[in-house]
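Participant: What follows is a single structure, and I will ask about it in a moment.
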Amino acid sequence: MSVDATAYAATGNAPAVAVTLSRAPRPGSRRWAVVIGGALLPALILAVWQFVTATGAVATSQLPSPQMVWEAAVDLAQRGLLWQYVAISTQRVVIGFLIGAALGLALGAVVGLSRFADILLAPTLGAIRAVPSLAWVPLLILWFKIGEESKIILITIGAFFPVYTTVAAALRHVDRQLVEAGRAFGYRGARLFFTVQLPAVIPSVASGLRLALAQAWLFLVAAELIAASMGLGFLLSDSGNNGRIDRIFLAIILLAVLGKVTDSILALFERWAVKKWA
Amino acid sequence: MALTQPPLLSRSSHVTNRAFSVEFAGLGRSFPAPKKKTSTGVLGDVTLRIEPGEIVAILGPSGCGKSTLLRIAGGLDSPTAGAVTIDGTPVTPFDARCAIGFQEPRLLPWRTLSDNVALGLPRGGSRTDGREIVAELVSLVGLSNFAGHTPRQISGGMAQRTSLARALARNPGVLLLDEPFGALDALTRLRMQDLLLEVHRAAPTTVLLVTHDVDEALQLADRVILLGKGQDDAANGIQQVVTVPGIRPRDRGSAELAELRAQLLGGLGIERHAAGQEHL
Ligand SMILES: Nc1ncnc2c1ncn2[C@@H]1O[C@H](COP(=O)(O)OP(=O)(O)OP(=O)(O)O)[C@@H](O)[C@H]1O
Ligand SMILES: [Mg+2]
């Protein structure tokens, strides 16, 4: 795992990029071939990384060697901080994601199903969505100080919009003929929703959830960079202040791995949903 | 196909339905024309009373408003003029007294055929009864071997039969069928026609059946309605009402039916002698 992780990190990108790497395997390709194929580039990057740092082609103050990053991880782990940071960051993402996704489902359903709610709510929600994530941070800190709420609310905002948008749009585009058939057979309201409309949008909901999760990690880092005393974002900003480039790499690698692993879980759900409901 | 007294058709609980009369009074429907302030009349001044338990076939050229008339009867659409009543009371939106078999199958793609048929079951029935009725209907339309398939795994004609079974599952007072046999081969079509008559005999519901097939209309219906435009009508109306003589099954070769067939085909704009040749 650390090999993968290192390699992802060496591409120098946040989890959002790892997300796009997780396409489902093309039909016909064997599972092991997919695994090996996907590991090729990371292995190559790791090798090049090792080579340039070992030969001194790049100064370790600019690019720490893989071993330095590993040692930074061991060091933090021995002080009990590594696990704590990973745990608190994951916890914030999961809680914020769950609340945001639930709210997104509910409001997306209301706006997607009711023309009235659409007229009433959609413009306001669209405007709130247009606010850049960082703009919320000072306000949230003022209101909630530096406690958990401020971070979880920010992540909730981040997770809410992808789900809200996809659910509302998908519900508006459910096959009218199917909805009419449902109504003709006596289905109305909640029964109609659970029999026809909800199943029809489950694949879109699944992809909305994946987007929301990626956003949740994004907003987590935004929140922790600015206002936290624990977590991976804090590790990033703290290491930046202290010039600990090895820890910066470590934090990036951990974000990549965590983002990729959580996304893969949702990818499994999405695959099942598409197979079952599309 | 063994249609001799299947349990569904003899089960008393399933035969509790009543057949309702359907009455169109001066009914008209026009749709707003795109980009214009005017509107185009599709149906105009349709007046017709259908007796409880009667089978009425609706014929007419494509686009003359057959589906529209059926949708209005089922409360899926409302008239812009006149009124439609079932059993003497006005039709309500998505009237529960009707079941409709749409022109398209309209099956839920994520449900198996059985579960799609079950969608048609009236509310409030017991679950085990429901399951039995569904299984029986699925086998009556000849799809037992495909009960667990999803709509994407079956052919168009099979989907249409599933849709017919779904409408029958409702055991409605008024059965509205929009070209229910359109996608079927000749043999399956005859079987499904027999099935419809069998179901009708066991539980005499009122049936409005849209079809393009004059022979089908003459075989199945008590009366055949020909919709279309007259000489200088703006909208489509009833051009002919033909009462079909004889009890079913009718002799396809009888001179009487041949005369009616020629008359209806003439009404559809097909020349009399051409129709005669077709018959030969
Ligand atoms: N929702 C609608 N909006 C506008 N026009 C409509 C609408 N529904 C039907 N029409 C028009 O009404 C006319 C009749 O349509 P309808 O579907 O009833 O025809 P039909 O007799 O069933 O034809 P077919 O035999 O091809 O099924 C058509 O010209 C169609 O364009
Ligand atoms: Mg039609």
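Participant: Using only helices, what value at 222 nm comes out for chain A when you add -39,500 (n - 2.57) per DSSP H run of length 4 or more and divide by the total residues, to the nearest 500 deg cm²/dmol? Mind showing how you got there, number by number?
Facilitator: Numbers: 13 runs with 224 residues, N = 278.
Result for chain A, helices only: -27000 deg cm²/dmol.
Participant: Stokes-Einstein D for chain A at 20 °C, 1.002 mPa s, Kirkwood Rh over Cα pairs, in µm²/s?
Facilitator: Numbers: Rh = 20.7 Å.
So the translational diffusion coefficient is about 103 µm²/s.
Participant: Between chains A and B, what is the buried accessible area summed over both chains (1.4 Å probe, protein heavy atoms, nearest 100 Å²)?
Facilitator: Working: alone 15260 and 13530 Å², together 27080 Å².
For chain A against chain B, roughly 1700 Å² becomes buried.
Participant: Could I ask something else about it? Kindly work out what percent of the DSSP beta bridges joining two residues of chain B are antiparallel, to the nearest 5. Display every interim value, and only then the final one.
Facilitator: Details: 21 of 39 bridges.
The antiparallel proportion sits near 55 percent.
Participant: For B:Ser163, A:Ser133, give me the order by solvent-accessible area with a 1.4 Å probe, most accessible first, ignoring ligands, DNA and RNA.
Facilitator: Details: B:Ser163 5, A:Ser133 30 Å².
Result of the area sort, largest leading: A:Ser133, B:Ser163.
Participant: Could you state the orientation-averaged shadow area of the convex hull built on the Cα atoms of the protein assembly as shown, in nm² to one decimal? Let's see the in-between values first.
Facilitator: Details: hull surface 141.5 nm².
Spelled out: convex hull of the Cα atoms, projected over all directions, averaged, 35.4 nm².
Participant: Now, a different point. Relative to the longest principal axis of chain A, what angle (0 to 90°, nearest 10) does the C-alpha long axis of helix A:245-277 take?
Facilitator: 30 degrees
Participant: If you don't mind, there's one more thing I want to ask. For the protein assembly as shown, give the share of DSSP beta bridges that are antiparallel, in percent and rounded to the nearest 5; count only bridges with both residues there. Numbers along the way, then the final one.
Facilitator: Details: 21 of 39 bridges.
The antiparallel proportion sits near 55 percent.
Participant: Now for a separate question. Could you sort B:Ser78, B:Ser21 by their accessible area in this structure, using a 1.4 Å probe and putting the largest first?
Facilitator: Numbers: B:Ser78 75, B:Ser21 10 Å².
I get B:Ser78, B:Ser21, largest accessible area first.
Participant: Only Cα pairs under 8 Å and at least 6 apart count here; give the relative contact order of chain A as a rounded whole percent. The partial results should precede the final answer.
Facilitator: Numbers: 339 pairs, mean separation 80.2, N = 278.
Result for chain A is 29 percent.
Participant: Turning to a different aspect of this structure: For A:Leu41 paired with B:Ser155, estimate the spin-label separation in nm (one decimal), with each label point 7 Å from Cα along the Cα-to-Cβ line.
Facilitator: That separation, rounded to one decimal, is 4.7 nm.
Participant: Could you please put A:Val34, A:Val52 in sequence from largest to smallest accessible area, using a 1.4 Å probe? List each step's numbers first, then the result.
Facilitator: Working: A:Val34 55, A:Val52 30 Å².
Largest accessible area first, the list is A:Val34, A:Val52.
Participant: Okay, next question. On a 0 to 90 degree scale, rounded to 10, what angle separates helix B:156-169 from the longest Cα axis of chain B?
Facilitator: 80 degrees
Participant: Between rounded, prolate and oblate, where does segment A:127-236 land on the alpha carbon gyration tensor, with a ≥ b ≥ c its root eigenvalues, rounded for a/c under 1.5, else prolate if a/b exceeds b/c? Please report the intermediate quantities before stating the final value.
Facilitator: Values: a/c = 3.51, a/b = 3.07, b/c = 1.14.
Prolate, since a/c reaches 1.5 and a/b exceeds b/c.
Participant: Express in Å², to the nearest 10, the accessible area of B:Leu168 obtained by rolling a 1.4 Å probe over the protein heavy atoms while all chains stay in place.
Facilitator: 10 Å²
Participant: What are the lysines whose alpha-carbon lies under 21 Å from the alpha-carbon of B:Lys229, with same-chain residues fewer than 8 places away excluded?
Facilitator: Qualifying lysines at Cα under 21 Å: B:Lys66.
Participant: Just counting partner chain Cβ atoms within 10 Å, what average do the residues of peptide A:183-190 show around their Cβ?
Facilitator: Working: counts 4, 18, 14, 10, 3, 2, 0, 0.
Across A:183-190, the average partner-chain Cβ count within 10 Å equals 6.
Participant: Quick one: give the max-minus-min coordinate of the C-alpha atoms of segment B:129-280 along each principal axis, largest first, in Å.
Facilitator: 50, 36, 31
Participant: So, one more: So what is log10(I(q)/I(0)) for segment B:22-269 at q = 0.14, 0.16 1/Å, when the Debye sum runs over its Cα atoms only?
Facilitator: The Debye formula, applied to the Cα set alone, gives -0.95, -1.20.
Participant: What's the angle, to the nearest 10 degrees (0 to 90), between helix A:81-113's Cα axis and the longest principal axis of chain A?
Facilitator: 20 degrees
Participant: Give me the one-decimal nm value for the distance between modelled label points at B:Glu51 and B:Val241, 7 Å along each residue's Cα-to-Cβ direction.
Facilitator: 1.2 nm
Participant: Here's a follow-up. Skip the ligands, DNA and RNA, and give the accessible area per residue of chain A with a 1.4 Å probe, whole Å². Let's see the in-between values first.
Facilitator: Numbers: 14360 Å² over 278 residues.
Accessible area per residue: 52 Å².
Participant: On the full set of protein chains, 1.4 Å probe, figure out the accessible area of A:Val179 and give it in Å² to the nearest 10.
Facilitator: Per-residue accessible area (A:Val179): approximately 20 Å².
Participant: Sticking with this structure for a sec: Solvent-accessible area of A:Trp277, probe 1.4 Å, all protein chains present, reported in Å² to the nearest ten, please.
Facilitator: 50 Å²
The values are calculated or read from the model by the stated rules, or taken from the named source; none is laboratory data. The model shown is predicted, which means the values in this text are computed figures rather than measured ones. Using ideal geometry, Cβ is built from the backbone for each residue, glycine included, and neighbour counts are taken over all protein chains shown. Side chains are part of the model used for accessible areas, which takes the heavy atoms of the whole protein and leaves out ligands, DNA and RNA. Shrake-Rupley method; radii C 1.70, N 1.55, O 1.52, S 1.80 Å.
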